[in-house]
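Novice: Take a look at the following structure, please.
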Amino acid sequence: MSFNTYGHLFRVTTWGESHGPALGCVIDGCPPRVPLDAAMLQHWLDRRKPGQSRYTTQRREPDTVEILSGVYEGQTTGTPIQLSIQNTDQRSKDYSDIAEKFRPGHADISYWQKYGVRDPRGGGRASARETAARVAAGGVARAALTALVPDLRITGYMVQMGPHGIAPARFDATELEKNPFWVPDAEAAVAWADYLDGLRKSGESVGAVIEIRAAHAPPGLGAPIYGKLDTDLAAAMMSINAVKGVEIGAGMAAAALTGSENADEIAMAPDGPAFSANHAGGILGGISTGQDIVVRFAVKPTSSILTPRATITKSGLDAEIVTKGRHDPCVGIRAVPVGEAMMAAVLLDHILRDRGQTGGIRGQIG
């Protein structure tokens, strides 16, 4: 299996399976002398780990990260960084009944059609468990971004669960750490809890929409045509397991706007150009403008559910399947820190690429 690496100068290769002994990543291209230790990475992993509420899988994984290389005396050395996370709460027997069956909505059948072999224990590489390594890598990227762009802030949150969205007028970032859904709307959090409880008890699941915002991102990141910042952000978010759609700024809604509505007007302010709105999501022509970079992605419902579904076996016989085990009723909840990590990795990669091409030189306005 190839294509386990993303990034250009800041490159991350993830490895491991859901029910293997461990998983992790190798990071190449991190600048030297960046302050880094395991506790800094653990902070981000603790936000993603399972079993923290009744609304996520009850698999109990501490997700303790170990730095195996690339760091000396609390600083990166510029050499490859290898991170390892042990799997400690596998229950592979939960999947024994489905070893010969394909789960509808899951990658079982496509993996088998391509490779002729699959790991049915939790989905192997197709499991959301793989994203723990991405969050660890994102922690390294955040540490480097703090050193290079101290004002940059990356924040993720849920804006929709199933058919239920948030009220923009009630948006309150201080609510993000107060509820299990990373939702910036206190009233929505209460309603979503009741809604998801009902689905969870009935053996169902539901999808979600996540928004990731990078505030104080510098202008000039990205390049025209094939090096666009939004191209790489879209690819990064789409690579997250269970993601089925990505949009930047106004996204699909831009198709319903007129040119005068969509074009964000520009005025000169004391600190430089000021935009009247941000339909562009902070990116024009593939290059960041200095506005907030805004990305949203849609996560499909968890495919492993207790509701019986029709399927086939590897031998081609019709069958019925019920997926037992411990699964997220809304995997979008734990996708929030994953999206933040992918944003951090892409932005760091583009900052390093920009330094290599332009040396930080910028066109002056005013």
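The values are calculated or read from the model by the stated rules, or taken from the named source; none is laboratory data. Computed from a prediction, not measured in an experiment: that's the story for all the values here. In this analysis, Cβ positions are derived from the backbone assuming ideal geometry, glycine residues included, and neighbour counts consider all displayed protein chains. Heads up: the accessible areas ignore ligands, DNA and RNA and are worked out on the full protein's heavy atoms, side chains in. Shrake-Rupley method; radii C 1.70, N 1.55, O 1.52, S 1.80 Å.
Novice: Would you tally the residues in region 18-30 being open to solvent by 20 Å² or more (accessible area, probe 1.4 Å) and over 24 Å from A126 (Cβ atoms)?
Specialist: First, the residues of region 18-30 that are open to solvent by 20 Å² or more (accessible area, probe 1.4 Å): 21, 26, 28-29.
So of that shortlist, the ones also over 24 Å from A126 (Cβ atoms) come out as 28-29.
Of the residues in region 18-30, 2 are open to solvent by 20 Å² or more (accessible area, probe 1.4 Å) and over 24 Å from A126 (Cβ atoms).
Novice: Still on this model: Is it the case, given these coordinates, that S84 is open to solvent by 40 Å² or more (accessible area, probe 1.4 Å), in contact with a strand residue (DSSP E or B) (Cβ under 9 Å, 6 or more places away or on another chain) and at pLDDT 95 or above?
Specialist: Details: open to solvent by 40 Å² or more (accessible area, probe 1.4 Å): no; in contact with a strand residue (DSSP E or B) (Cβ under 9 Å, 6 or more places away or on another chain): yes; at pLDDT 95 or above: yes.
Judged against the criteria, S84 is not a match.
Novice: Answer with yes or no whether A254 is in contact (Cβ under 8 Å) with a residue 12 or more places away in the chain, part of a helix (DSSP H, G or I) and in contact with a His (Cβ under 9 Å, 6 or more places away or on another chain). Spell out how you get there, then give the answer.
Specialist: Working: in contact (Cβ under 8 Å) with a residue 12 or more places away in the chain: yes; part of a helix (DSSP H, G or I): yes; in contact with a His (Cβ under 9 Å, 6 or more places away or on another chain): yes.
Yes, satisfied.
Novice: Taking only pairs six or more apart or across chains, which ones have beta-carbon atoms under 6 Å, a first residue in region 227-243 that is over 15 Å from A335 (Cβ atoms), and a second residue that is part of a loop (DSSP other than H, G, I, E, B) and open to solvent by 10 Å² or more (accessible area, probe 1.4 Å)?
Specialist: Final answer for the pair search is K228/G222; L229/G222.
Novice: I'd like to check something: does region 136-151 contain any residue that is more than 23 Å from V338 (Cβ to Cβ), open to solvent by less than 60 Å² (accessible area, probe 1.4 Å), part of a loop (DSSP other than H, G, I, E, B) and free of Cβ contacts under 8 Å to residues at least 40 places away in the same chain?
Specialist: There is no residue in region 136-151 that is more than 23 Å from V338 (Cβ to Cβ), open to solvent by less than 60 Å² (accessible area, probe 1.4 Å), part of a loop (DSSP other than H, G, I, E, B) and free of Cβ contacts under 8 Å to residues at least 40 places away in the same chain.
Novice: Here's a follow-up. Quick one: what pairs do we get from region 64-77, first residue within 10 Å of L36 (Cα to Cα), second open to solvent by 80 Å² or more (accessible area, probe 1.4 Å), C-beta under 6 Å, 6+ apart or different chains?
Specialist: The qualifying pairs are Q75/R33.
Novice: What is the residue count in region 263-318 for residues that are open to solvent by less than 30 Å² (accessible area, probe 1.4 Å), at pLDDT 95 or above and among the aliphatic types (A, V, I, L, M)?
Specialist: 6
Novice: Out of D349, D328, which single residue is surrounded by 19 or more Cβ atoms within 10 Å (Cβ to Cβ), over 30 Å from S202 (Cβ atoms) and among the acidic types (D, E)?
Specialist: Working: D328 fails: over 30 Å from S202 (Cβ atoms).
Only one candidate qualifies: D349.
Novice: Restricting attention to region 87-104, which residues are open to solvent by less than 30 Å² (accessible area, probe 1.4 Å), modelled with pLDDT of 85 or more and not in a loop (DSSP other than H, G, I, E, B)?
Specialist: Across region 87-104, there are no qualifying residues.
Novice: Residues of region 209-250 being at pLDDT below 95 and of a type in the set (G, A, S), which ones?
Specialist: A242, the sole residue that qualifies.
Novice: I'm trying to understand the selection: among the residues of region 208-231, which are surrounded by fewer than 18 Cβ atoms within 10 Å (Cβ to Cβ), aliphatic (A, V, I, L, M) and closer than 21 Å to L148 by Cα?
Specialist: Scanning region 208-231 gives a single hit, A215.
Yes/no matrix, rows are residues, columns are (1) among the charged types (D, E, K, R); (2) touching a strand residue (DSSP E or B) at 6+ places or on another chain (Cβ under 8 Å); (3) part of a loop (DSSP other than H, G, I, E, B):
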| position | (1), (2), (3) |
| --- | --- |
| G281 | no, yes, yes |
| V294 | no, yes, no |
| F297 | no, yes, no |
| E340 | yes, yes, no |
| A344 | no, yes, no |
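Novice: For residues that are assigned to a loop (DSSP other than H, G, I, E, B) and of a type in the set (A, V, I, L, M), tally how many sit in region 105-134.
Specialist: Restricting attention to region 105-134, the residues satisfying the condition of being assigned to a loop (DSSP other than H, G, I, E, B) are 105-107, 116-123, 127.
Retained after the next criterion (residues that are of a type in the set (A, V, I, L, M)): 107, 117.
Summing the residues that are assigned to a loop (DSSP other than H, G, I, E, B) and of a type in the set (A, V, I, L, M) in region 105-134 gives 2.
Novice: Can you name the residue in region 232-262 that is under 18 Å from L284 (Cβ atoms) and open to solvent by less than 30 Å² (accessible area, probe 1.4 Å) and is also nearest to the chain's Cα centre (by Cα) among such residues?
Specialist: Step by step, filter region 232-262, then rank; the result is L233.
Novice: Does R362 fit the bill of being of a type outside the set (D, E) and at pLDDT 95 or above? Spell out how you get there, then give the answer.
Specialist: Working: of a type outside the set (D, E): yes; at pLDDT 95 or above: no.
So R362 does not fit the description; no.
Novice: Quick check on this structure: which one of A126, A133 is in contact with a Phe, Trp or Tyr (Cβ under 8 Å, 6 or more places away or on another chain), crowded, with 20+ Cβ neighbours inside 10 Å and at pLDDT 90 or above?
Specialist: Details: A126 fails: at pLDDT 90 or above.
Result: A133 is the single residue among A126, A133 that is in contact with a Phe, Trp or Tyr (Cβ under 8 Å, 6 or more places away or on another chain), crowded, with 20+ Cβ neighbours inside 10 Å and at pLDDT 90 or above.
Novice: Any residue at all in region 164-176 that is surrounded by fewer than 23 Cβ atoms within 10 Å (Cβ to Cβ), part of a strand (DSSP E or B) and in contact (Cβ under 8 Å) with a residue 12 or more places away in the chain?
Specialist: Yes: one or more hits.
Novice: Based on this model, can you work out whether V338 counts as of a type in the set (A, V, I, L, M), open to solvent by less than 10 Å² (accessible area, probe 1.4 Å), touching a Ser or Thr at 6+ places or on another chain (Cβ under 7 Å) and touching a residue at least 60 places away in the same chain (Cβ under 8 Å)?
Specialist: Numbers: of a type in the set (A, V, I, L, M): yes; open to solvent by less than 10 Å² (accessible area, probe 1.4 Å): yes; touching a Ser or Thr at 6+ places or on another chain (Cβ under 7 Å): yes; touching a residue at least 60 places away in the same chain (Cβ under 8 Å): yes.
The answer is yes for V338.
Novice: Under the condition of being charged (D, E, K, R) and within 18 Å of V336 (Cβ to Cβ), which residue from region 152-195 is nearest to the chain's Cα centre (by Cα)? Give the derivation first.
Specialist: Restricting attention to region 152-195, the residues satisfying the condition of being charged (D, E, K, R) are 153, 170, 172, 175, 177-178, 185, 187, 194.
Restricting the remaining residues to those that are within 18 Å of V336 (Cβ to Cβ) gives 153, 172, 175, 177-178, 185.
Numbers: R153: 16, D172: 22, E175: 20, E177: 18, K178: 21, D185: 21 Å.
Of everything passing the filter in region 152-195, R153 is nearest to the chain's Cα centre (by Cα).
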